[in-house]
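The structure under discussion appears below in the form of structure tokens.
Taken together, the values in this text are just the output of simple stated rules run on the coordinates, not laboratory data. Computed from a predicted model, the values in this text were never measured in an experiment. Methodologically, a virtual Cβ is constructed for each residue, glycine included, from the backbone with ideal geometry; neighbour enumeration extends over all protein chains shown.
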């Protein structure tokens with residue numbers, strides 16, 4: 001019986017990896033610690049939760065408390081959270097100093113990465129702020145397990161009836177695939193650097 005369970009788990013893992021979109025490693029500077037952050041240094045994490053956001057988008061501001069709560073709930077279970085700001089070279093207010101102030105005000109105790117060239121934002125096809133990508137490590141690299149919205153009610157947290165990010169993290173905690181694996185994010189449009 002033990003061999004059957006092991007075999008089923010292996011088949012499940014391989015099927016999940018075959019259907020998952022690959023996630024390339026990247027290196028971005030953390031505005032809070034001023035050190036570099038890479039996916040490669042988190043291969044022992046249960047998953048890495050990348051939340052693309054900025055300081056000025058009203059939708060991003062509405063989600064800050066929810067992000068803090070999810071970080072507190074899941075970080076002890078081996079999940080790594082990182083915020084990624086694609087507007088650090090687009091908007092004057094999106095500076096390292098202002099990121100540090102906001103992080104202190106909102107108790108954002110996770111890396112706040114600056115995607116100055118927007119390479120990572122483009123790599124993951126991010127179009128809205130906030131938008132989430134969960135990547136899971138495996139022996140062959142990282143794969144995208146979930147991408148999209150945090151939940152289905154940006155305005156009022158208590159009225160969110162579908163908690164997409166929380167449900168995806170719970171599924172991964174229970175060694176299941178998130179369902180759905182993607183949702184449509186709602187928020188501010190990413191402003192891309194002019195060429």
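A few remarks follow.
- Averaged over residues, the count of other Cβ atoms within 10 Å places the peptides 30-41, 79-90 in the sequence 79-90, 30-41, highest first.
- For the chain, averaging the sequence separation of C-alpha pairs within contact (under 8 Å, six or more residues apart) and dividing by the residue count gives a relative contact order of 25 percent.
- Highest average packing first - 48-56, 122-130, Cβ atoms within 10 Å: 48-56, 122-130
- Over all pairs of different C-alpha atoms in segment 130-188, the reciprocal of the mean inverse distance, the Kirkwood hydrodynamic radius, equals 12.0 Å.
- Between residue 152 and residue 56, the modelled labels are 3.3 nm apart [label points 7 Å from Cα along Cα→Cβ].
- Note on the chain: helix-only mean residue ellipticity at 222 nm, from DSSP H runs of 4+ residues weighted -39500 (n - 2.57) and normalised by residue number, equals -10000 deg cm²/dmol.
- Here segment 22-189 is treated as a sphere whose radius is the Kirkwood value from Cα pairs; by Stokes-Einstein at 25 °C and 0.890 mPa s it diffuses with a coefficient of 155 µm²/s.
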